[in-house]
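Trainee: Please see the structure below; I have some questions.
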Amino acid sequence: VTRRAAQVLGDHAVFASNTSTLPITGLAEAFPRAADFIGLHFFSPVDRMPLVEIIMGRTTGDAALARALDFVAQIRKTPIVVNDARGFYTSRVFLSYAHEGAELLREGVRPELIENAARQAGMPVGPLAVTDEVTLELPIKIERQAEREDPAYARRASLDVLETMAGTLGRPGRKGGAGFYEYPAEGPKTLWPGLAEHFPAEDLQPSVAEVRKRLLYRQALETARCLEEGVLNHPADADLGAV
């Protein structure tokens, strides 16, 4: 698709990808002018979400970055500039939240405790609810591709939960009509009662404060890794992107 697009683009056009996880450097290999290939990661719903994550591939040039920043300013969005890595910054942190919710469920924490603790921590929705919204299949595909392409990648235990839900139980998320939640034709969504059977709750449950810490610290640790690895250039970008 990139090669076909390049054939009809002008010689000075910048090619921007909206991928949320695929490394820009690898995608740029299909473009004849790698210096003009950049990531412009928008967020859903685009008309309401002000953030745009600009991703610099290893071959992206300064001119492409300048034009990307101009474009983002013209459409009145807020940019952060990050360096290339699988998942960049925002998707890495977002997925850590989703996976930590699934991991808590796998460990026997009651789903209502997970979701309520997340909201009490200040998150707009719980990790199980947000995973339903993006579909359980998306993080599964991201994990499987990472496993294929990175020999050092360690599979997350939480993937077992997502694969059981989406594959074995046929509950891929809201788009499929069923996920961690039930979606009745009338009335609000509710947690699926079948979670208790497939992911039995332990008798001893953690406190709300402990679950809050698990969900928030997991994201903070991933952010610290992004800073240490050079994906983030400055803590201020991390803060702005996180908000």
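Trainee: Quick one: the Cα spread of the chain along its three principal axes, in angstroms, biggest first?
Mentor: So the extents along the principal axes, rounded to whole Å, are 63, 41, 35.
Trainee: Provide the solvent-accessible area of Ser44, counting protein heavy atoms only and rolling a 1.4 Å probe, rounded to the nearest 10 Å².
Mentor: Around 110 Å² of this residue is reachable by solvent.
Trainee: Still on this structure, I have one more. Would you kindly derive the ³J(HN,Hα) couplings of region 158-170 from the backbone phi angles with the Karplus curve 6.51 cos²θ - 1.76 cosθ + 1.60 (θ = phi - 60°), listing them in order in whole Hz, with x for Gly and Pro?
Mentor: For region 158-170, the Karplus-derived couplings read 5, 4, 4, 5, 5, 5, 5, 5, 6, x, 4, 9, x Hz, x marking Gly and Pro.
Trainee: Sort Arg148, Arg174 from largest to smallest accessible area, using a 1.4 Å probe on the heavy atoms of the protein chains. Display every interim value, and only then the final one.
Mentor: Working: Arg148 170, Arg174 120 Å².
Accessible-area ranking of Arg148, Arg174, largest first: Arg148, Arg174.
Trainee: Working only with C-alpha atoms, what are the Rg and Dmax values of region 34-124, expressed in angstrom?
Mentor: Values for region 34-124 (Cα only, Rg and Dmax): 17.2, 51 Å.
Trainee: Need the full-extension length gain, Ala146 to Arg3, defined as separation in residues times 0.36 nm minus the C-alpha distance. One decimal, nm.
Mentor: Working: separation 143, 0.36 × 143 = 51.48 nm, distance 2.38 nm.
My answer for the length gained is 49.1 nm.
Trainee: With n ≥ 4 as the cut-off for DSSP H runs, can you work out [θ] at 222 nm for the chain, using -39500 (n - 2.57) per run divided by the number of residues, rounded to the nearest 500?
Mentor: On the way: 11 runs with 111 residues, N = 243.
When only DSSP H runs of four or more count, the value is -13500 deg cm²/dmol.
Trainee: Leaving ligands and nucleic acids out of the surface, order Glu103, Glu143, Glu137 by accessible area at 1.4 Å, largest first. Display every interim value, and only then the final one.
Mentor: Numbers: Glu103 30, Glu143 5, Glu137 80 Å².
In descending accessible area the options line up as Glu137, Glu103, Glu143.
Trainee: What is the count of Lys pairs in the chain whose alpha carbons sit under 28 Å apart, if the two are 8 or more places apart or on different chains? Intermediate values should be presented prior to the final figure.
Mentor: Working: Lys77/Lys175; Lys141/Lys175; Lys141/Lys189; Lys141/Lys213; Lys175/Lys189; Lys189/Lys213.
The result is 6.
Trainee: Next up: Pick from Gly87, Gly230, Gly126: which residue has the top mean-square fluctuation in a GNM of the chain where Cα pairs under 10 Å get a spring?
Mentor: Result for the chain, Cα springs under 10 Å: Gly230 fluctuates most.
Trainee: Would you calculate the separation in nanometres between label points at His12 and Lys77, each defined as 7 Å from the Cα along the Cα-to-beta-carbon direction?
Mentor: Each label point is offset 7 Å from its Cα along the Cβ direction, giving 2.3 nm.
Trainee: Which whole-number value in Å² is the accessible area per residue of region 50-106, probe 1.4 Å? The partial results should precede the final answer.
Mentor: Numbers: 2310 Å² over 57 residues.
So region 50-106 comes to 40 Å² accessible per residue, rounded to a whole number.
Trainee: Scan around Val109 for amide H atoms under 5 Å from its own, H built in the peptide plane at 1.01 Å from N, and keep only partners 5 or more places away or cross-chain.
Mentor: Under 5 Å from the amide H of Val109 lie the amide H atoms of Glu202, each far enough along the sequence or on another chain.
Trainee: Can you list the HN-Hα couplings for region 28-34, worked out from phi with the Karplus curve (6.51, -1.76, 1.60; θ = phi - 60°), rounded to whole Hz and with x for Gly and Pro?
Mentor: Ordered by residue, 3J(HN,Hα) equals 5, 4, 8, 9, x, 10, 4 Hz.
Trainee: Magnitude of the Cβ-charge dipole of region 1-56, K/R +1 and D/E -1, about the Cα centre, nearest 20 debye?
Mentor: Numbers: 4 positive and 5 negative charges, 26 e Å.
Approximately 120 debye in magnitude.
Trainee: In region 1-158, what percentage of the DSSP-assigned beta bridges are antiparallel, given to the nearest 5? Present the calculation step by step, with values, prior to reporting the outcome.
Mentor: Values: 3 of 12 bridges.
The antiparallel proportion sits near 25 percent.
Trainee: If I model a spin label as a point 7 Å beyond the Cα along the Cα-Cβ vector, how far apart are those points for Ala66 and Ala154 in nm?
Mentor: Rounded to a tenth, the inter-label distance reads 4.4 nm.
The values are calculated or read from the model by the stated rules, or taken from the named source; none is laboratory data. Treat the numbers as computed from the prediction; the structure is a model and nothing was measured. Note that each Cβ is placed from the backbone with ideal geometry, even for glycine, and that neighbours are counted across all protein chains shown. Ligands, DNA and RNA are stripped out before the accessible areas are found, and what is left, the full protein with its side chains, is counted by its heavy atoms. Shrake-Rupley method; radii C 1.70, N 1.55, O 1.52, S 1.80 Å.
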